[in-house]
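Asker: One structure, as structure tokens, below. Some questions next.
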Amino acid sequence: MRAVTYDSYAPDDSRLKYGEVADPKVGPGQVLIEVKAASVNPVDWKVMAGGLDPMMDAVFPVIPGWDVAGVVTRTGPDTPEFSVGDEVMAYARKDVVHAGTFAEYVAVAAPSVARKPAGLDWAQAAGLPLTGLSALRCMDRLEAGPGDVLLVHGAAGGVGSIAVQLGVARGARVIGTASERNHDFVRSLGGEPVTYGEGVVERIKALRPSGVTAAADFVGGQLETTLAVLAPGGRHVSIADPSVGGHGGAWVWVRPDGAKLAELAALVDAGKLTVEVAETYPLDKVGAAFEASRGGHTRGKLIIVP
């Protein structure tokens, strides 16, 4: 099969290669997915730079990518949940960095897989797993719901845009930071936009003088702002700043979870959740997609299509 690989850690895209690799094996409790689309997340190029080496072993050459949407083409032993031909999606992170989703096929553990909702095309479905599960885990940790005023840092980004929609679906009032060019987008999701940067604390307090009851940081470096606008007893989480744990907050990591992904699919089918796609790239242009991701100003998801 064709895939993108790198054979050593690198701070840039110089080690990326596109070519033929061996087809994946399909073990017990796994499904083989023909990749219709995969999505880029910042963690992909951070892993390539060695950023998770203290936590996770890498077996080179590595195929990057942790998100996938596609069709089941084979099942391993004892995999009654899925059949050949099923349209599925998954957050396909494994215990070892090696066989990712930027390829024509990927083998994934069945408990990580969920059926693709009809309301999303392949590109949108590929963009949902990591971002959607990250946002859902944060909303669960915050116990966001009716009566809450939720602040979302990075409301126009991949995770933030999902979090806005989840907060709204749970009955919270949602305030989201974004650049002015993305204010209409945040409004379309049901959020109230505020421009980030200098003066953001005053702008948030103008919307909610008594303070927000919950805050989710999907950008990093937002702790000072969060603490300045958080009401007494308020809750806060971050996926990008572990220091929040020392200030009453929680540092949240996403887990592969097919059951939770199915919850997100149900929200899509109910018309309460969608995925914004910024741009698609062919498999041999993963480096260009990484470069766009590093820029940090993309609205929605960057998608790889084999």
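Where a number appears in this text, it was derived from the coordinates with a stated rule and is not lab data. The structure displayed is predicted, hence computed values, not measured ones. As a convention, Cβ positions derive from the backbone with ideal geometry for all residues, glycine included, and neighbour counts pool all protein chains shown.
Asker: Given the DSSP H assignment, sum -39500 (n - 2.57) over each helix run of at least 4 residues in the chain and divide by its residue total; what's the result at 222 nm in deg cm²/dmol, nearest 500?
Answerer: Result for the chain: -7500 deg cm²/dmol, rounded to the nearest 500.
Asker: To continue, here is another question. With each pseudo-label sitting 7 Å past Cα toward Cβ, what's the residue 20-residue 180 distance in nm, one decimal?
Answerer: It is 5.5 nm.
Asker: To continue, here is another question. With a 10 Å Cβ neighbour count serving as the proxy for reagent exposure, in which order, fewest first, do 122, 251, 45, 66 appear?
Answerer: 251, 122, 45, 66
Asker: For residue 34 and residue 202 in one chain, what is 0.36 nm times their gap in residues minus the Cα-Cα distance, to one decimal in nm?
Answerer: In short, 55.5 nm is gained.
Asker: Restricting to Cα pairs below 8 Å that are 6+ residues apart, what does the relative contact order work out to for the chain? Please round to a whole percent.
Answerer: 20
Asker: Eigenvalues of the Cα gyration tensor times 5, then square-rooted: what semi-axes does that give for the chain, in whole angstrom, largest first?
Answerer: Equivalent ellipsoid semi-axes, largest first: 33, 21, 17 Å.
Asker: Please work out the Cα center distance from the range 220-289 to the range 45-74, rounded to the nearest Å.
Answerer: Value for the Cα centre distance between the two parts: 19 Å.
Asker: Among 290, 218, which comes first, second and so on when ranked by fewest other beta-carbon atoms within 10 Å?
Answerer: Least crowded to most crowded, the residues run 290, 218.
Asker: Work out how much length residue 140 to residue 210 would gain on full extension: take 0.36 nm times their residue separation and subtract the Cα-Cα distance, in nm to one decimal.
Answerer: 22.9 nm is the gain from fully extending residue 140 to residue 210.
Asker: Here's another thing I want to ask about it. Take the alpha carbon gyration tensor of the range 131-251, find the square roots of its eigenvalues, order them as a ≥ b ≥ c, and report rounded if a/c is under 1.5; if not, report prolate when a/b exceeds b/c, else oblate.
Answerer: Cα axes put the range 131-251 in the rounded bin.
Asker: Could you list 198, 34 so that the one with the fewest beta carbons within 10 Å of its beta carbon is first and the one with the most is last?
Answerer: Taking fewest neighbouring Cβ atoms as first place, the list is 198, 34.
Asker: Okay, moving on. Round to a whole angstrom and tell me the spacing of the C-alpha centers of the range 189-206 and the range 99-155.
Answerer: 25
Asker: Considering only Cα-Cα distances, which of the following residue pairs are longer than 20 Å: 36/116; 46/301; 36/260; 25/46; 94/260; 17/285?
Answerer: Among 36/116; 46/301; 36/260; 25/46; 94/260; 17/285, the Cα-Cα distance tops 20 Å for 36/260; 25/46.
Asker: A further question on this structure: Once Lys and Arg get +1 and Asp and Glu get -1 on their Cβ, which of 97, 168, 29 lies farthest toward the positive end of the dipole of the chain?
Answerer: So the residue we want is 168.
Asker: Shifting gears a bit: Rank 286, 194, 68 by mean-square fluctuation in a GNM of the chain with C-alpha springs under 10 angstrom and give only the top-ranked residue.
Answerer: 194
Asker: What distance in nm separates the two pseudo spin-label positions at residue 46 and residue 7, each 7 Å out from Cα along the beta-carbon direction?
Answerer: 2.8
Asker: How much length is gained on full extension from residue 227 to residue 243, taking 0.36 nm per residue of separation minus their Cα-Cα distance?
Answerer: Separation in residues times 0.36 nm, less the Cα-Cα distance, equals 4.5 nm.
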